[in-house]
Amino acid sequence: MFLVKIVLYFLLNLDLILITSSPYNKEITFLAKKLDNVMRLSDQELSAVKTFVYFSPPSYCLEGLLNWTCTTCGEQTTNTSHVKAFGDFKYIFGYTAVNTNLQLIIISFRGTRNFKSWMGNIKFAQLDYPYEGAPEGAKVHGGFLHEYNSVKEEVIANILELTSMYPNFQILFVGHSLGGALSVLSLIDLKLKYPEMEMKKINLITIAQPRIGNYIFSKWINEQFSNLNNYFRIVNKNDATPHLPPSLFGFKHSGVEIWINLVNESYYCIPDDDMLESKLCSNTQHGLSVATHKHCWDIDIGNSRCSIDDDIYYHNLDEILID
Ligand SMILES: *[C@@H]1O[C@H](CO)[C@@H](O)[C@H](O)[C@H]1NC(C)=O
Ligand SMILES: *[C@@H]1O[C@H](CO)[C@@H](O)[C@H](O)[C@H]1NC(C)=O
Ligand SMILES: *[C@@H]1O[C@H](CO)[C@@H](O)[C@H](O)[C@H]1NC(C)=O
C-alpha cells in the first residue's frame, strides 16, 4: 500500500504535493493524503460548491435573464448584473455576468435543448485539437469543438470586457451537460489566448458533463490548473451523460469528480491509477439513468419554465448506454 501511494504521488501533478502545506488548498491537502480513497465533502465545502452551481439554472432561461428576474435567478445569486446572453437560444446558449456580492465574473453554458439530435451526432469521432499550444496527440470530440467555436468570439469578447471592468474578481466557468463540455473548451481557449490570466483566479464547475477528449487532452487540461482545487466535475448519482462518449472509444474525463451517491452523500473522488477518473465513484454505477440528469442536491437545473425538452431528452438514450 505504501508503495502504491508513492507511485501515485509521483504520477499525480507535482502541485498536489507542493501545496499540501498551503492553507489555501484545504481540499487538496486531504486529497493528497487520501490518494487511494474518496473523501466526504464537509458542510462548508458543499455550500461553497453550491454557491457556484446556482449560476447554472439561469442559463436555461430566456425570459428575465438580462434583468436577472428569471425564475431561477434566485436569492443565492443576488446582485448579478451586466448580464449578456451569447449564442442562439435554439442551439448553443449561455450568459456572461458579474456578481458583486461574490466578486465573480460568471460564464455559464446551458446544455442542449435538442438532446436527441445531440445524441444522434455524438458519434464518438475525435478530432485533433487544433489549438496552438495543445500537445501532440490531444484529441477532442469534433461536435463539441464545433459547437464551442460557434460562440467563442462572443464569449471571449464578453469575458475580456468584464475582466477589464473588474480585474480583481475571480472568474467562474459553469456548465450543465453539453454546456459543461463547452465550458471546459472555453476556459482552455481563454487560457491559450490570454496566458497571463491567472488560473488560480479561474474556477470551473461542470454538472453532468460528458467526456470531451482523449487521455492526452484531458491530462493536459488538468495540467493547466495550478492545482485541481479549482476544477470540479459534479456527477449526480447514476446519471448517464457523464459516461458518454464511452471510455471504450478512448474518451477520458478531467477534473476532480464530486459524486453524489444514491443516498445523497457527496464525495471528492481522487483520480485513479489512470490518473483521470476514479473507479470508486460514478464509475461504480452500471444501471445508468436519465432521471438524475437535471438536478444535483436540491438544485434544479432547468424547471417548468426554463427547461430542456424532456421528450427530446429521453428519446433513444438506451441505445447509447454501452459504457
Ligand atoms: C425584466 O425583463 C422582462 C423581459 O424579459 C420584463 O418582462 C420584466 O418586466 C423586466 N422586469 C423588470 C423588473 O424590469
Ligand atoms: C446589492 O448591492 C447593493 C450595492 O450595490 C447593496 O446595497 C445591497 O445590499 C446588495 N444586496 C445584497 C442582497 O447584498
Ligand atoms: C436526496 O435529496 C433529494 C433532494 O434533496 C430528495 O428529494 C431525496 O429524497 C433524497 N434521497 C435520499 C435517499 O435521501
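Quick look at the values:
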item: For region 213-219, 3J(HN,Hα) per residue [Karplus equation, 6.51 cos²θ - 1.76 cosθ + 1.60, θ = phi - 60°, Hz, x = Gly/Pro]; result: x, 7, 4, 4, 4, 5, 5
item: Pairwise label distance in nanometres, N264 with E223, each label 7 Å out on the Cα-Cβ vector; result: 4.2 nm
item: A48-A157 FRET efficiency (beta carbon distance; Förster radius 35 Å; 0.05 resolution); result: 0.75
item: Residue (of V140, I156, G180) at the positive-pole extreme of region 51-320, dipole from beta-carbon charges; result: I156
item: Antiparallel bridges, percent of DSSP beta bridges restricted to region 51-320 (to nearest 5); result: 50 percent
item: Other-chain or far-sequence residues with amide H under 5 Å of S289's (modelled H); result: D239, A240
item: Cβ-defined net charge surrounding K84, 11 Å radius [Lys, Arg +1; Asp, Glu -1]; result: -2
item: Filter on K50/K84; K152/K191; K193/K294; K50/K200 - keep pairs with C-alpha separation over 24 Å; result: K193/K294
item: Listed residue (N238, I260, L280) projecting farthest to the positive dipole end of region 237-302, Cβ model; result: N238
item: Unit charges on C-beta of K, R, D, E only; dipole of region 51-320, Debye; result: 140 debye
item: 20 °C / 1.002 mPa s Stokes-Einstein diffusion coefficient of region 71-221, Kirkwood radius on C-alpha pairs, µm²/s; result: 135 µm²/s
item: Mean Cα-pair separation over length for region 177-217, i.e. relative contact order, pairs under 8 Å, 6 or more apart, %; result: 64 percent
item: Additional length obtainable on full extension of the chain from D300 to E75, 0.36 nm per residue less Cα span; result: 79.6 nm
item: Inter-label distance for E63 and K279, nm, one decimal - labels placed 7 Å from Cα along Cα-to-Cβ; result: 5.0 nm
item: Dimensions (Å) - region 51-320, Cα atoms, principal axes, largest first; result: 44, 42, 33
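Every number here is computed from the coordinates shown, using simple stated rules; none is lab data. Because the structure is a prediction, the values reported are computed rather than measured. Please note: Cβ atoms are built from the backbone with ideal geometry, for glycine as well, and neighbour counts cover all protein chains shown.
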